[in-house]
Structures are given as C-alpha cells and as structure tokens.
Amino acid sequence: MDNQDINEESINNQEENTIQNETASGENVTDTPTAEELLAEEKDRYIRLYAEFENYKKRTAKEKMEFFQYANQDMMVSMLGVLDDFERALKEIAKNGNTSDLQGVELIYQKFKNRLTEKGLKPMEVRAGDTFNVDFHEAITQIPAPSEDLKGKIVDVIETGYTLSDKVIRFAKVVTGN
C-alpha cells in the first residue's frame, strides 16, 4: 500500500468511529427537527397561506366590483356624442324653431340624459372663472385674459366633461386665460 491509501483508510476509520460514538451517546446523527418544530413550521405556512388566500379573495372581489362599475364605460363614451348633438339641436331649435318642436326634442333629451345619469354618468360642473385643473380639464387653447383675475383660470367651456362613478371618462374642454 502506498501512503495515500493509508491516509484515506485512516480518515474513513475516524469517520466511522465518530458516527459510532455519536450513536452510542444518544445524539442524532442528522439534524432532524422535533415534532413541535415541524408543527410550528406547518402552522406558520398555514397562516401565511390563509392570509394570502384572504388577500386574493379581497382583490378579486374589488376587481369584480370595478368591472361591473365600469363595464358600460365604452357605451357611455360613445353616447356622449349623441348627448352633445342633442344639446346643439336644442340651441338651434330654440333660435329658429317653434315651441312644440322644442318641447318634443327637450323631452327626448331629458329622457336620454336621465337614463345615462341612472347608469352613473355625471356632467362636470365647470364654469368660467374656475381654476384650471389638469385632472378634470383639457385646455384647448389659451387666450389673453380679459381681466387680471382670470389669468391661469378658465375663460370659456367648449365641451362638457363627464365622470362615470367618480372616474373621468371625458375631460372638459376649456379655454384658459394667459
């Protein structure tokens, strides 16, 4: 035998002696967790999984509510053009038409507007002199302010803005003073 074989054999003998000594003294050869540690670990996993599942349920319920709340948003946006046309028609009929035509169109307009309002559509209240807010207004153009107090404020409202359940679906188009 050469020197290397003797060293490997002595190392193997030492490892076997260590293993035999540990088992004879009652110590575990491997680090196996106790039943209490396993139970605590599994309980922790269960609690975390339960909390994760509860969060998932809350998140999906919220997403479902938002889906139902904004499901008709595309339809509402497409109806805004019709609503604008009704408003323009009412202005023209008031100028040139007779009162019976005006009353008929107003009745249809009010019914249409009420149905959209029932579904959550609300017009934005924007008037000349209000402060310009980029969250609700879209500036079409700027003109020199007619008075000093209208600088940076709304001078004219070109198109009404609308919200659907507190979400802006069309910004109010305004002219601002410079």
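The values are calculated or read from the model by the stated rules, or taken from the named source; none is laboratory data. The structure displayed is predicted, hence computed values, not measured ones. With ideal geometry, Cβ positions are generated from the backbone for all residues, glycine too; neighbour counts draw on all protein chains shown.
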Legend entry - Among (1) surrounded by 17 or more Cβ atoms within 10 Å (Cβ to Cβ); (2) at pLDDT 90 or above, the one test that Leu150 misses: (2)
Inset, instruction - Determine if the range 101-114 includes at least one residue that is of a type in the set (Ser, Thr, Tyr) and out of contact with any helix residue (DSSP H, G or I) (no Cβ under 6 Å at 6 or more places or on another chain). - result: no
Inset, instruction - Identify the residue in the range 102-144 that is farther than 29 Å from Thr176 by Cβ and basic (Lys, Arg) and, among all such residues, is modelled with the lowest pLDDT. - result: Lys119
Inset, instruction - Give me a count of the residues in the range 126-178 that are under 30 Å from the mean Cα position of the chain (by Cα) and assigned to a helix (DSSP H, G or I). - result: 0
Legend entry - Options Ala24, Ala61; residue that is modelled with pLDDT of 90 or more, outside the structural domain of Lys173 (by TED's automatic domain parsing), among the small types (Gly, Ala, Ser) and loosely packed, with under 12 Cβ neighbours inside 10 Å: Ala61
Legend entry - Of the criteria (1) loosely packed, with under 13 Cβ neighbours inside 10 Å; (2) among the basic types (Lys, Arg); (3) not in a loop (DSSP other than H, G, I, E, B), which one Lys113 fails: (1)
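Quick check on my filter: what residues within the range 64-75 are at pLDDT below 90 and of a type outside the set (S, T, N, Q)? Even if it seems obvious, please write down each step before you answer.
From the range 64-75, those at pLDDT below 90 are 65-75; that's our starting set.
Passing the criteria: Met65, Glu66, Phe67, Phe68, Tyr70, Ala71, Asp74, Met75.
Residue-by-condition table, conditions (1) within 15 Å of Ser165 (Cα to Cα); (2) free of Cβ contacts under 8 Å to residues at least 24 places away in the same chain:
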position	(1), (2)
Ala71	yes, yes
Val77	yes, no
Asp85	no, yes
Glu92	no, yes
Asp101	no, yes
Val105	no, yes
Leu116	yes, no
Gly120	yes, no
Pro123	yes, no
Inset, instruction - Please indicate, with yes or no, whether at least one residue in the range 85-101 is modelled with pLDDT under 90 and under 19 Å from the mean Cα position of the chain (by Cα). - result: no
